[in-house]
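The values are calculated or read from the model by the stated rules, or taken from the named source; none is laboratory data. What you see is a predicted model, and the numbers here were worked out from it, not measured in a lab. Positions of Cβ are generated from backbone atoms using ideal geometry, with glycine treated the same way; all protein chains shown enter the neighbour counts.
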Amino acid sequence: MNTTDNSHLQFAREYALDRDCTTLSRHVLQQLQSFAPEAQDLSAIMNRIALAAKLIARRLSRAGLMEGALGFTGGINVQGESVKKMDTYANEVFISVFEQSGLVSRLASEEMEHPYYISENRPTGRYTLLYDPIDGSSNVDINLNVGSIFAIRQQVGTDANATAEDLLQDGHKQLAAGYVLYGPSTMLVYSIGKGVHAFNLDPSLGEFILSAENVRIPDHGPVYSVNEGNFWQWDEAIRDFIRYVHRHEGYSARYSGALVGDIHRILFQGGVFLYPGTLKQPQGKLRLLYESAPLAFLLEQAGGRASTGSQNLLDVLPDKLHSRTPLIIGSKDNVAMVESFIEERAREREEKMVGRS
Ligand code: P6P
């Protein structure tokens with residue numbers, strides 16, 4: 001009889017089984033440590049988001065072999081961007097998974113000029129989902145990583161109006177936020193305000209399984225992620241920062257052209273992502289309500305920071321559904337460094353003005 005102690009093997013088997021049972025919906029309930037209606041709602045909503053992610057991941061994995069899955073639709077969206085067929089598909093997936101759900105009565109998407117009201121979910125639906133169905137869709141046709149970004153807010157009132165003024169609230173009003181990264185594996189990273197947690201899709205189970213709990217971003221990191229092709233369009237302060245990292249050891253440039261992948265790297269390795277204002281887009285390119293604010297919520301929950309350069313990102317009040325803001329986001333020391341260059345240039349401008357008066 002084998003007399004060696006196999007308890008460690010038994011533990012490993014039990015741990016692996018327990019981990020494989022830590023699905024997303026169970027984790028949300030554990031996070032809220034309650035089975036109150038609100039907890040059940042959030043758990044169910046996260047489960048629907050997971051279903052959308054699985055449907056999109058499946059389509060992405062087959063797109064290269066499917067007629068009509070890749071390329072452009074020929075349409076232009078409210079952002080003035082050419083619409084990819086995958087953008088349209090993913091947008092419709094989110095709508096479909098929330099119809100008949102009874103949970104979400106309004107969807108606000110990068111791909112839709114006005115919010116979409118799910119009539120059968122009203123007035124029971126107490127939540128609004130804000131999302132970018134496929135972020136970085138320029139990467140889809142070249143099989144590079146893309147993502148989905150989402151935020152959940154309370155539904156205020158029931159009047160179905162196109163302007164949706166009640167959505168024009170700061171980022172602190174978000175109940176939950178996160179992203180899906182469609183990469184070598186599909187990952188879902190979320191927070192309901194109790195830390196940041198990462199799940200990997202196990203295709204053999206069709207479930208998102210917990211892979212990293214209470215993720216914390218390093219206070220400082222080597223990565224700076226920015227499209228340096230816009231250098232000619234930036235304020236001097238941003239150029240000062242870029243000149244600094246060009247001339248000092250310890251920094252690496254990483255930029256994929258897809259926000260979710262760039263942010264995911266920084267969340268796990270530390271560093272800073274920037275999309276500053278440019279001459280052509282002084283408010284920057286990224287949209288506040290369904291790109292920057294959800295990511296700011298998430299990174300702050302992981303111990304990081306997010307700023308417009310002059311204001312905490314989560315404090316920004318949007319003036320319209322598709323408002324844009326500059327974004328500086330990542331490790332708190334790296335974000336502070338970028339802000340210090342902005343503050344220095346502001347001081348110099350102030351001194352010159354005083355000098356003139
Ligand atoms: P640029 C993709 O279109 C996106 O919205 C983000 O995913 C990405 O970070 C950014 O735009 C890239 O923009 O101007 O560098 O190509």
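Note on the range 260-285: residues that are near the ligand (Cβ under 10 Å from one of its atoms) and within 11 Å of the chain's Cα centre (by Cα) total 4.
Counting only strands (runs of 3 or more DSSP E) that sit completely within the range 25-118, those holding 3 or more residues that are within 20 Å of L289 (Cβ to Cβ) correspond to 104-109. Being on the phi > 0 side of the Ramachandran plot and within 16 Å of the ligand (Cβ to nearest atom) is true of G136. Filtering the range 132-148 for residues that are loosely packed, with under 15 Cβ neighbours inside 10 Å and over 21 Å from L181 (Cα atoms) leaves an empty set. Remark: pairs (first residue in the range 118-145, small (G, A, S); second residue outside any loop (DSSP other than H, G, I, E, B) and more than 13 Å from the ligand (Cβ to nearest atom); Cβ separation under 7 Å; 6+ apart in sequence or on different chains) = G125/V104; G125/S105.
Listed by first and then second residue, the pairs with beta-carbon distance under 6 Å, at least 6 apart or on different chains, first residue in the range 217-238 and at pLDDT 95 or above, second among the charged types (D, E, K, R), are D219/K332; D219/D333; H220/D333; V223/R254; S225/R254; S225/D262; E236/R345; A237/R345. Here D315 meets the list (1) under 27 Å from H197 (Cα atoms); (2) of a type outside the set (V, I, T); (3) within 14 Å of the ligand (Cβ to nearest atom) almost entirely, failing just condition (3).
Taking first residues from the range 241-265 that are without any contact (Cβ under 8 Å) to a residue 24 or more places away in the chain and partners that are more than 16 Å from the ligand (Cβ to nearest atom), the Cβ contacts under 6 Å between residues at least 6 apart in sequence or on separate chains come to V245/Y251.
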